[in-house]
1. How much FRET efficiency would the formula 1/(1 + (r/R0)^6) give for residue 61 and residue 7, where r is the Cβ-Cβ distance and R0 is 45 Å, rounded to 0.05?
2. Taking R0 as 25 Å, what's the FRET efficiency between residue 145 and residue 86 from their Cβ-Cβ distance, rounded to 0.05?
3. Kindly identify segment 13-87 as rounded, prolate or oblate by the Cα gyration tensor criterion: order the square roots of the eigenvalues as a ≥ b ≥ c, call it rounded if a/c is under 1.5, otherwise compare a/b with b/c, prolate if a/b is larger, else oblate.
4. What's the extension gain from residue 38 to residue 188 if we count 0.36 nm per residue and subtract their Cα-Cα distance?
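FYI, it's all coordinate maths here, none of it is from the lab. Bear in mind that the values here come from a model prediction, so they are computed numbers and not experimental data. No Cβ is skipped: glycine too gets one built from the backbone with ideal geometry, and neighbour counts run over all protein chains shown.
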Amino acid sequence: MGLIERIFTGVFGDGRNVVAETAHVFRENAEGAAVRQAGIKRQSMQQFASEFAVPRSGFFDRLMDGLNRLPRPLLAFGTIGLFVVAMVDPVWFATRMQGIALVPDPLWWLMGAIVSFYFGARHQAHSQDFQQSIAQTMARVPTVIENTRSLQAMQYDTPQVAQSSPSADLTLGAVTPASNPALVEWQHHQS
């Protein structure tokens, strides 16, 4: 009994718990972590509240607050609007998308960086060859011009866009008599 008692006294005696102390080296104390997290949240909420403690009643402050709230809804409604326009007038939409195809990649990266910084994301730097991108864009110009011309030719207000053959053939087909069995039978009954 004496040996076991000495072992337990060595491990748990003197108000110590060697097992718990050793476990805390490898695993965080959940209760202590919760207390620290609560303190961090309390401090951040106090800092947030102190930011709005100063009354903002001036025209400039209200204007800036309103402008800061505009980009997200404008981007969301603008994107939905693009879908609506694509369904309402596909030729107009496709023509504008051909123009967007000419935007060089570095400009897309710049726009992506601005939007990602605005919404709080971190910009990842891209090292791309600017001259190669410009050359690729310029190589696409003839195709875009041809696509735009083709799309404009399909516009609803282009003359004869809905006709499947020349108008002279349509006129001839309308005035050339053809056999009509119902008319022949009606004429036969009338005589």
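1. 0.05
2. Efficiency, rounded to the nearest 0.05: 0.70.
3. oblate
4. 43.9 nm
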